[in-house]
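To start, the structure itself, in structure tokens.
Please treat every number below as a calculation from the coordinates, not as lab data. Because the structure is predicted, anything quoted here is derived from the model rather than measured. Neighbour counts are summed over all protein chains in view; Cβ atoms, including those assigned to glycine, are modelled from backbone coordinates with ideal geometry.
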Amino acid sequence: MGTELKTNNKAGSRADHHTEGEGFKPVKENIFIVRDRMEREKEGKQAKYEKLIRDLLSDFPEKCPPGGSDGVVIYTTSLRGVRRTYEDCNRVRSTFEVNRVVTDERDVSLHGQFLNELKDLLGGETVTVPRVFIKGRYVGGVDELTELNESGKLGRMLRSARVEMGIGRQACEGCGGARFVPCFDCGGSCKVVLANGDKQRCGVCNENGLVHCPACSS
């Protein structure tokens, strides 16, 4: 009888152990619940990222060049007529090159439309270059950019804004980064000869006999 009682106790212990083990079996989560949670986490991170950009750029007025809402646009000139202006443009260009930021450089001396854009943005007949715009915000000229760079704020701003990094159009074999090449129709003369021998204004190039580089301009 004692042996029978001991056997029953062992059987009961095994049954209790089996019952406890079943209570700890992992339950596989529903894939739709997991996916929904991941989407909500992603949306939360995106909202934080957008808020960070707004905070860093909120000090600058909203002035967006055409097609410049997602990157860095700088208005410059390649003319050396005014030495100070030419050197300031080089300083702005070099600042972004050091930070390895791809810029959309718009040379007002090569294309009159760029100068008109800048006048519309800044609201005046007389404007000077260089001028810098980041993600549709007007940052200022060379003095403002230099101050931001020396304080370290420019680097934080560019990283948070996730602007395109690299060398951009500087690597273009067609224009060497100038963005324009001589017109293929008139050779840069702005004049074309008609079948009857008359000459007329070329309808393809700008006032300087240039067209957008087909290799790097979209």
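Descriptive notes on the structure:
- For segment 72-166, the relative contact order works out to 36 percent when only alpha carbon pairs closer than 8 Å and six or more residues apart are counted.
- Extending 7 Å from the Cα toward the beta-carbon at both SER151 and GLU207 defines two label points whose distance is 3.7 nm.
- Ranked by the mean number of other Cβ atoms within 10 Å per residue, highest first, peptides 135-141, 211-217 order as 135-141, 211-217.
- Extending 7 Å from the Cα toward the beta-carbon at both LYS119 and MET38 defines two label points whose distance is 5.4 nm.
- Alpha-carbon centroids, segment 65-119 and segment 144-218: separation in whole Å: 10 Å
- GLU87/ASP143 FRET efficiency (R0 22 Å; Cβ-Cβ; nearest 0.05): 0.95
- Ranked list, fewest to most other Cβ atoms within 10 Å of each Cβ, for TYR75, TYR86: TYR86, TYR75
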